[in-house]
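Just below is one structure, and these are the notes that go with it.
The values are calculated or read from the model by the stated rules, or taken from the named source; none is laboratory data. As the structure is a prediction and not an experimental result, all values here were calculated from the model. Positions of Cβ are generated from backbone atoms using ideal geometry, with glycine treated the same way; all protein chains shown enter the neighbour counts.
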Amino acid sequence: MNIKELDQTYVAGTYARFPLQIVKGNGSVVTDEKGKEYIDLGTGIAVNTFGVSDEAWVEAVIAQLKTLQHTSNLYYTEPCARLAHMLCERTGMKKVFFSNSGAEANECAIKTARKYAENTYGSARQHIVTLKNSFHGRTITTLAATGQDTFHQDFLPLTEGFLYATPNDCDEITRLLSQGNVAAVLFEVVQGEGGVNPLDHSFVQTMVSLAKEHDILLLADEVQCGNGRTGELFGYMHYGITPDIVSTAKGLGGGLPLGATLLGTNVQDVLTPGSHGSTFGGNPVCCAGAINMVSRLDRTLLDEVKEKSNFIRRELTGVRGVKSVSGLGLMLGVETEKDAGEIIRLCMDQGVLVIKAKNKIRLLPALNIPWDLLKRALSVLKEACATET
Ligand SMILES: Cc1ncc(COP(=O)(O)O)c(C=O)c1O
């Protein structure tokens, strides 16, 4: 059997894979099993922050791998403590719980919010508001948090206690957050899987002032829009707000599994010994790689993200077949006249990998994608949008 057949025979059928086997890569270029090269505008869904096999990250990971790969959380390790320090210094948050994925980072955010509410208000506030069209993960609780019925089907009953608000509907969020039964509101400032839609500033401000008024915790899901992706270290920073809890993953590990839940002043001591944990969370190798990632997300790099974002928008605006461009930084959604699946296929034929979010083309290039590759990839994408099929 070849790899495709082996995979189809033995790997659980949860993924509709593209007919492409990627065998290696270098920066923003990946290579398939036949040696064909592709400019990668998907980065493994916003994970490979500095592309594939980024030299400095690989060095940091290998050095740690050769020193100590795992201890469990029974002991202290340097990379875990240093990464937590770095994340707190950069955000003003106070403590970090490490896990292995975005779903787990959100689980921790939800557990912390519930425990805070239980400690403070007894059983009066057992609900968490999330937004329709959101995506928060695939565990039973984060599925419940995900405001899309299609993901819920077949897995009922889900964890109870979630209420769903329409993004950008200030009246509805005001009603929901004023009922007295809500512990927290969980939101992505840019809904990624939902179609790369940033929240309106006025909606976020309404949510924040209601949360302040009623002591409702603000939980920012920065799994996809965090770690420099939007041109700020975290997406919420575009909105001038201070969440109580920030969950992140994907680009933080840069290709190794790492989730982080950042806890602000109010909730820094909510989790106590035994109340939460993870065997692999804070793994020294993942954390050593993440220290390298985060230390490079400086102002110069973030400004470059913004500059490339503006360039992409300028290039795609007014192009035949392109209806609109949404998103922030290098997390962009392109609404096209043609079916997005067809455009993905055309781009793949021409050596460019793009992905989908709902009915849009989603662009998530490496934050350091070289200008010449970006320009080449965009000309392929423009052509794919414009050609008659
Ligand atoms: C905003 C958001 N939250 C959570 C998740 C779940 O992350 P993971 O697949 O690492 O569990 C994702 C994944 O796409 C996401 O985009």
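Here are some notes:
- Cβ-Cβ distances below 8 Å connect no pair with a first residue in region 202-222 that is more than 18 Å from residue 238 (Cα to Cα) and within 16 Å of the ligand (Cβ to nearest atom), a second residue that is outside any helix (DSSP H, G or I) and polar (S, T, N, Q), and a separation of six or more residues or different chains.
- Residue match in region 165-173 (condition: out of contact with any helix residue (DSSP H, G or I) (no Cβ under 8 Å at 6 or more places or on another chain) and either touching a residue at least 60 places away in the same chain (Cβ under 8 Å) or not charged (D, E, K, R) (or both)): no
Okay, residues lined up against (1) out of contact with any Phe, Trp or Tyr (no Cβ under 9 Å at 6 or more places or on another chain); (2) closer than 27 Å to residue 336 by Cα:
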| site | (1), (2) |
| --- | --- |
| 167 | no, yes |
| 173 | no, no |
| 178 | yes, no |
| 181 | yes, no |
| 191 | no, yes |
| 202 | yes, no |
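- Scope region 193-212; condition of a type in the set (Val, Ile, Thr) and part of a helix (DSSP H, G or I); matching residues: 204, 206, 208
- Residue match in region 247-256 (condition: closer than 28 Å to residue 181 by Cα, away from the ligand (no atom under 13 Å from the Cβ), under 17 Å from the mean Cα position of the chain (by Cα) and buried (at least 21 other Cβ atoms within 10 Å of the Cβ)): no
- Failed condition for residue 90, given (1) surrounded by fewer than 17 Cβ atoms within 10 Å (Cβ to Cβ); (2) within 16 Å of the ligand (Cβ to nearest atom); (3) among the charged types (D, E, K, R): (2)
- Listed conditions (1) charged (D, E, K, R); (2) touching a strand residue (DSSP E or B) at 6+ places or on another chain (Cβ under 8 Å); (3) in a loop (DSSP other than H, G, I, E, B) are all met by residue 232, apart from (2).
- Extreme residue, surrounded by the fewest Cβ atoms within 10 Å (Cβ to Cβ), among residues of region 317-343 that are assigned to a loop (DSSP other than H, G, I, E, B) and of a type in the set (Val, Ile, Thr): 317
- Being buried (at least 19 other Cβ atoms within 10 Å of the Cβ) and basic (Lys, Arg) holds for only one residue in 125, 175, 138, and it is 125.
- Looking only at region 149-180, residues that are closer than 14 Å to residue 221 by Cβ and touching a Lys or Arg at 6+ places or on another chain (Cβ under 8 Å) come to 1 in all.
- Residue 82 being in contact with a helix residue (DSSP H, G or I) (Cβ under 8 Å, 6 or more places away or on another chain) and over 23 Å from residue 164 (Cα atoms): yes
- Only helices (runs of 4 or more DSSP H) whose full extent lies in region 99-189 are considered here, and the ones with at least 2 residues that are more than 16 Å from the ligand (Cβ to nearest atom) are 102-121, 170-177.
- Every pair of residues 6+ apart whose Cβ atoms lie under 7 Å, when the first sits in region 315-326 and is more than 12 Å from residue 387 (Cβ to Cβ) and not assigned by TED's automatic domain parsing to the domain that holds residue 195 while the second is of a type in the set (Ser, Thr, Tyr) and not in a strand (DSSP E or B): 325/317
- Search result, residues across region 257-285 that are under 17 Å from the mean Cα position of the chain (by Cα) and crowded, with 24+ Cβ neighbours inside 10 Å: 258, 259, 260, 261, 262
- Per the conditions (1) more than 18 Å from residue 226 (Cα to Cα); (2) in contact with a Phe, Trp or Tyr (Cβ under 9 Å, 6 or more places away or on another chain), the sole criterion not satisfied by residue 122 is (2).
- Residue among 316, 302, 378 that is touching a Lys or Arg at 6+ places or on another chain (Cβ under 9 Å) and either among the acidic types (Asp, Glu) or modelled with pLDDT of 95 or more (or both): 316
- Qualifying residue in region 13-35 (condition: among the β-branched types (Val, Ile, Thr) and surrounded by fewer than 11 Cβ atoms within 10 Å (Cβ to Cβ)): yes
- Check on residue 272, more than 16 Å from residue 369 (Cβ to Cβ), β-branched (Val, Ile, Thr) and either more than 16 Å from the ligand (Cβ to nearest atom) or part of a loop (DSSP other than H, G, I, E, B) (or both): yes
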